[in-house]
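Just below is one structure, and these are the notes that go with it.
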Amino acid sequence: MLKGRHLIEPADLSIKEIDEICSLAEQILVDPAAFADVCRGKILATLFFEPSTRTRLSFEAAMLRLGGSYLGFADAAGSSTTKGESLSDTIRTVASYTDVIAMRNPKEGAALLASKYSDIPIINAGDGGHQHPTQTLTDLLTIRSIKGGFNDLTIGLCGDLKFGRTVHSLAKAMSRYQRVKFILISPSELQIPEYITSQVFKRSGIEYSTEERLEDVIGDLDVLYMTRVQKERFFNEQDYIRLKDSYILDNEKMKLAKKSLIVLHPLPRVNEIAPEVDDDPRAAYFKQVKFGMYARMALIAKLTGAI
Ligand code: NCD
């Protein structure tokens with residue numbers, strides 16, 4: 001039963017619940033009119049203390065397409081946070097006006113903290129460099145729709161694996177499936193945090209390797225998950241400038257890849273995928289954007305108990 005639950009990180013959902021959400025998202029995709037009213041009278045709050053395009057707008061579009069409404073802010077500068085209000089007081093307030101809260105905050109652990117003060121579901125829409133579980137639902141729905149399932153896949157995670165919260169969440173979620181392998185492609189300074197390799201991969205018996213050159217391993221991949229270097233999480237601009245163009249996927253590199261590869265990216269992209277790749281049938285990142293709204297529609301419908 002998902003009604004009333006929080007979603008702070010992917011492990012909050014069982015494999016069965018992820019399947020249920022993906023199946024519902026696929027049903028909505030096929031027949032959106034049948035779901036156009038299921039959240040009538042319900043309100044989603046979108047509290048975004050950090051910038052966003054896709055995540056916030058897809059949450060809001062999702063609620064509108066379910067017949068509900070939304071309120072919130074896209075910039076904490078206009079909220080009482082600037083007067084010194086604590087996150088817990090903001091959450092208690094918003095929870096008394098709405099039915100479900102999607103929240104993004106620059107601090108790791110902020111969504112978990114918010115969930116302690118909320119009697120309505122909190123959805124983590126990104127907490128600093130930590131986790132981003134609804135991007136993962138989006139990624140899983142995209143992989144399932146194109147690849148037919150999650151087992152037996154070799155997944156390349158490429159770019160900023162240190163600060164990129166989307167890869168942390170995806171790694172956690174995909175580690176629960178059978179015979180999944182990860183190839184971690186990053187500069188040595190942007191390697192995936194140790195807690196993912198020790199507490200997630202090793203504990204789940206997941207095979208993984210670490211690489212620096214994308215062209216050496218692209219031919220082995222079923223899924224290539226590109227990410228941008230997370231400028232806002234660097235302490236030093238010089239380091240960002242030095243590392244920002246570490247990987248650029250272009251048609252030359254795509255020639256080395258399998259015909260059945262899919263290329264994903266949570267977006268926004270900066271330079272890491274050349275626009276020429278957009279026309280390659282293996283480029284799935286704009287399909288992924290669309291799946292994101294349906295994944296969030298299914299999640300909202302489940303957490304609010306509408307379905
Ligand atoms: C990602 C994020 O916010 O972590 N964006 C998104 O939600 N699709 C990725 C990023 O900002 O690089």
Yes or no: R40 in contact with a Pro (Cβ under 7 Å, 6 or more places away or on another chain) and part of a loop (DSSP other than H, G, I, E, B)?
-> no
Q. Based on what the data block shows, is G149 small (G, A, S) and buried (at least 24 other Cβ atoms within 10 Å of the Cβ)?
A. no
By residue number, the members of region 269-285 that are more than 14 Å from the chain's Cα centre (by Cα) and either assigned to a helix (DSSP H, G or I) or assigned by TED's automatic domain parsing to the domain that holds C22 (or both) are P275, E276, V277, D278, D279
Given (1) touching a helix residue (DSSP H, G or I) at 6+ places or on another chain (Cβ under 6 Å); (2) surrounded by fewer than 22 Cβ atoms within 10 Å (Cβ to Cβ), I241 misses just (1)
Per the filter on region 55-81, residues of a type outside the set (S, T, N, Q), modelled with pLDDT of 95 or more and assigned to a helix (DSSP H, G or I) are R56, L57, F59, E60, A61, A62, M63, L64, R65
>> Scan region 244-263 and tell me whether some residue there is of a type outside the set (V, I, T), surrounded by fewer than 19 Cβ atoms within 10 Å (Cβ to Cβ) and within 14 Å of the ligand (Cβ to nearest atom).
In response: yes
Counting only residues that are small (G, A, S), farther than 13 Å from A125 by Cβ and touching a strand residue (DSSP E or B) at 6+ places or on another chain (Cβ under 8 Å), region 94-109 contains a total of 2
Taking region 31-56 and the residues there that are loosely packed, with under 15 Cβ neighbours inside 10 Å and within 24 Å of H265 (Cα to Cα), the one that is farthest from the chain's Cα centre (by Cα) would be P51
Kindly indicate whether L66 is within 13 Å of M297 (Cα to Cα) and more than 16 Å from the ligand (Cβ to nearest atom). yes
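The values are calculated or read from the model by the stated rules, or taken from the named source; none is laboratory data. Since the structure is predicted, the reported quantities are computational estimates derived from the model, not experimental observations. Ideal geometry is used to build each Cβ from the backbone, glycine not excepted, and the neighbour counts take in all protein chains shown.
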